[in-house]
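Encoded as structure tokens, the structure appears first; notes follow it.
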Amino acid sequence: MANLILPRSLSVAVDYQIYNYFMTAPLLGIVLPAATATDIGPTQETWEDDTGTTITEFAVDISNPPAGTTYAYQLIIEGQVQQEGLITDATNTVLELTSASAGTIPGLARVVFSIYQVDTTTSYS
């Protein structure tokens, strides 16, 4: 069996960044009307970054990625990963949730929003 050795100039690396944000739902919870987008972003609710600093916007706008950049995101409520498709819009100031049926994020529930930014334009030689 032969080994494949690529020249260093052809090596490709992926640069990534993970942004974590945390929020505690208000005492009365957050009402999610059926089939209606509800903004729980940092202009509506109090979010903190992983240093505990209150933010006014997320570090990136995942609705408009730069060329070569892709985003993945995860929303966790009370330790449960929410189903794909729950997030209908996310920018640096807006995080809209749409529930198929009416629901509520329970009062004082811990909410985690993680954004995974992957940059494939960076290469190292």
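The modelled label-to-label distance for the pair Asp49/Asn20, using points 7 Å beyond Cα in the direction of Cβ, is 1.4 nm.
Count the net charge of all other residues whose Cβ sits under 9 Å from the Cβ of Asn92, scoring Lys and Arg as +1 and Asp and Glu as -1. Before the final figure, lay out the partial values.
Numbers: positive: none; negative: Glu57, Asp61.
Once positives and negatives cancel, what remains is -2.
Potential lengthening of the chain between Gln82 and Thr120 amounts to 11.0 nm, from the contour at 0.36 nm per residue minus the alpha-carbon distance. Figure note: Val81, Val111 ranked by solvent-accessible area, largest first, 1.4 Å probe, ligands and nucleic acids not counted: Val81, Val111.
The values are calculated or read from the model by the stated rules, or taken from the named source; none is laboratory data. The structure displayed is predicted, hence computed values, not measured ones. All Cβ positions, even for glycine, are placed from backbone atoms using ideal geometry, and neighbour counts span all protein chains on display. The area values use the complete protein model at the heavy-atom level, side chains included, leaving out ligands, DNA and RNA. Shrake-Rupley method; radii C 1.70, N 1.55, O 1.52, S 1.80 Å.
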